[in-house]
1. Taking 0.36 nm per intervening residue step and subtracting the Cα-Cα distance, what contour gain separates R87 from L146 on full extension?
2. Which aspartates and glutamates does K85 reach when only Cα atoms under 16 Å apart count, and residues fewer than 8 places away in its own chain are ignored?
3. Once a ≥ b ≥ c are taken as the square roots of the eigenvalues of the Cα gyration tensor of the stretch 1-120, is the result rounded (a/c under 1.5), prolate (a/b larger than b/c) or oblate (a/b not larger than b/c)?
4. Short version: ³J(HN,Hα) in whole Hz for each residue of the stretch 105-122, in order, from phi by Karplus 6.51 cos²θ - 1.76 cosθ + 1.60 (θ = phi - 60°), x for Gly and Pro, what are they?
5. Only counting other Cβ atoms within 10 Å, I'd like W18, W4, W144, W251 sorted with the fewest neighbours first.
6. Rank these for me by crowding, F76, F264, going from fewest to most other beta carbons within 10 Å.
7. State, as an integer percentage, the relative contact order of the stretch 3-308 based on alpha-carbon contacts under 8 Å between residues 6 or more apart.
8. With +1 on each Lys and Arg Cβ and -1 on each Asp and Glu Cβ, and nothing else charged, work out how big the dipole of the stretch 3-308 is about its Cα centre, in Debye to the nearest 20.
Amino acid sequence: MDPWRFRLELAGPYGTPWASGTLFGQLSWAMVRLDGSDERLAGKLAALRNRQEVFLLSDVLPKDLLPRPLLPPPPFDPDKAAKRKERKKLGFVKRAHFLRHRAALSEQSLEAELEAGPGDREHRLAHNTIDRQRGTVIEPGGLWFLDEWWPSEGARERDLYVRTSWPIGAVEELLAAVGSWGFGRDSGFGRGRFRVLGKEPERELFDHTGNRYLSLSHGCWTEELEAPRYKLATHFGKLAIEAAMACGRPWKRPILLMKPGATFAARGDGPFGAWLEGIVHTEVPRILGYVPGQHAFHLPVPYTEAAHAG
């Protein structure tokens, strides 16, 4: 079960953040659409739930960058406090720099190579809610906003890391299908389109024996994760259109997940995280042959913290 690195190229703007669980959901429904039935998907999800098969994937990350690991803060230095406060906003670290220092990783070792990300331009779109009886804007509260992001011409490439027991050729086929249809919100208007530029085995990033792990994914906490450091994100999921039409309610319940960059020690060999089921949808226990769920597994990268190095 070798890890792989896919290189993607965005074709234009996107309206949904590239979270690992959301992408897994889109890959799942691509399988249904390509097969013409949900039988293979139901079997794959049952095997994933019972941990007979494994499918771990990262968020879609900027090219050659990794999420900034959450590490113990350095000793307070008043002369550097302002600079560190400013650099605290930088959420990524160069992949090559992480590999160079991961045998003794610390905040000080990361400071020189932190990045803000690809610099996608955020656009906030204003919308009005129309009163259908009067044909006018509802007041007050009729104005609402949605965000979307536009990548710059020279920063369209992205990295996706995958570790799975599924045939990697089948994963590439599903990715290509999602890219041609569009990922996330407003895909019918061209949002979230991308191309798969290629793939390669990724052993270097995972070939290390450390005392902690860095998560590349939006995942959940389980008892196997020890001494975690994390920031939380609220995930507001939606069903695919086929499932939403079958039950009449597209919205899932909000779920708190650990953001990429979370670090933890762990018992056992994984997989870490869980397939969440039975809590993500309020209406029906079963839709189109499967129970609505949420992929909340971590794709972990091992490293050693400086205090434990050697």
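Values in this text are rule-based calculations from the coordinates and carry no lab data. Please read all numbers here as calculations on a predicted model, not as lab measurements. Here the Cβ positions follow ideal geometry from the backbone for every residue, glycine too, while neighbour counts run over all protein chains shown.
1. On the way: separation 59, 0.36 × 59 = 21.24 nm, distance 2.78 nm.
Taking R87 through L146 to full extension adds about 18.5 nm, to one decimal.
2. D77, E107, E111, E113, E115
3. On the way: a/c = 2.98, a/b = 2.13, b/c = 1.40.
It is prolate, given that a/c is not under 1.5 and a/b is the larger ratio.
4. Taking θ as phi minus 60°, the curve returns 7, 8, 4, 5, 6, 8, 3, 6, 10, 7, 9, 7, x, x, x, 4, 7, 8 Hz for the stretch 105-122.
5. Working: W18 21, W4 18, W144 10, W251 13.
Final ranking by Cβ density, sparse to dense: W144, W251, W4, W18.
6. On the way: F76 8, F264 22.
Fewest-to-most ranking of F76, F264: F76, F264.
7. Numbers: 618 pairs, mean separation 85.8, N = 306.
This gives 28 percent for the stretch 3-308.
8. Working: 43 positive and 38 negative charges, 81 e Å.
Charge dipole, the stretch 3-308, about its Cα centre: 380 debye, nearest 20.
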